[in-house]
């Protein structure tokens, strides 16, 4: 699968989402802050979320439930668009792209609603909930919530496999996670570890790296 700097329908977007909250920030990501945003809102630049478009377009699915995790779902969708998988990661050119959530699911129905009917370069997105002890064989993306107590053991199960890992906690980041979502002040930001991605046979787009908070 080739995504890299090119995204669906020829768009080449870069995006940073900024969402305000009146509550103190939390780096854990475990509790939803009172964001007033949906991916549809992110697309239209409305309500309390401000999206800075650093390119021509921001490809997003649409859904209605406003929450912190709506914004994080928008990010997740774009991370997929800005990641290049090796062809060997898929059984064929139309095989599903598995988006897995390890352990307790903080998104609720958000990802199902957001990703329903969506595809990236002909690979339909398939959301799955998996146990922390799973082998993750059907996963191309693995989201590790802040509630996972031992992200190191989760990441060890997919070491050197072409699985894009996205998480929320400091422990996830220290364990070698590829992309960490964090609440920075009143803004959802992300850090990116291109070296970890490359070690697994993935490539994170240079455009994605340019808008990350921290990179390595």
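The values are calculated or read from the model by the stated rules, or taken from the named source; none is laboratory data. None of the values given here were measured: they were computed from a predicted structure. Here the Cβ positions follow ideal geometry from the backbone for every residue, glycine too, while neighbour counts run over all protein chains shown.
With the structure loaded, tell me whether residue 213 is in a strand (DSSP E or B) and touching a strand residue (DSSP E or B) at 6+ places or on another chain (Cβ under 6 Å) or whether it fails that test.
It is false that residue 213 is in a strand (DSSP E or B) and touching a strand residue (DSSP E or B) at 6+ places or on another chain (Cβ under 6 Å).
So, of the residues in segment 129-144 that are within 22 Å of residue 81 (Cβ to Cβ) and crowded, with 16+ Cβ neighbours inside 10 Å, which turns out to be farthest from the chain's Cα centre (by Cα)?
136
Starting from residues that are outside any helix (DSSP H, G or I), closer than 21 Å to residue 206 by Cα and modelled with pLDDT of 95 or more, keep the ones in segment 57-94 and report whichever is farthest from the chain's Cα centre (by Cα).
86
What pairs come out if I take residues in segment 81-108 that are closer than 16 Å to residue 136 by Cα and pair them with residues that are in a helix (DSSP H, G or I) whose C-beta lies under 6 Å away, six or more apart or interchain?
Pairs found: 102/154.
Looking at 189, 207, 161 in this structure, which one is out of contact with any strand residue (DSSP E or B) (no Cβ under 7 Å at 6 or more places or on another chain) and at pLDDT below 95?
207
Filter segment 116-126 for residues that are over 14 Å from residue 139 (Cβ atoms) and not in a loop (DSSP other than H, G, I, E, B) and give the result.
Of everything in segment 116-126, those that are over 14 Å from residue 139 (Cβ atoms) and not in a loop (DSSP other than H, G, I, E, B) turn out to be 119, 120, 124.
Filter segment 171-201 down to residues that are more than 16 Å from the chain's Cα centre (by Cα) and outside any strand (DSSP E or B), then give me how many there are.
Residues that pass the stated criteria total 10.
How many residues does segment 161-170 hold that are more than 13 Å from the chain's Cα centre (by Cα) and part of a loop (DSSP other than H, G, I, E, B)?
Final tally of qualifying residues: 3.
Quick check on this structure: which one of 125, 111, 97, 121 is buried (at least 22 other Cβ atoms within 10 Å of the Cβ) and at pLDDT below 95?
Details: 125 fails: at pLDDT below 95; 97 fails: at pLDDT below 95; 121 fails: buried (at least 22 other Cβ atoms within 10 Å of the Cβ).
Just one listed residue meets the conditions, 111.
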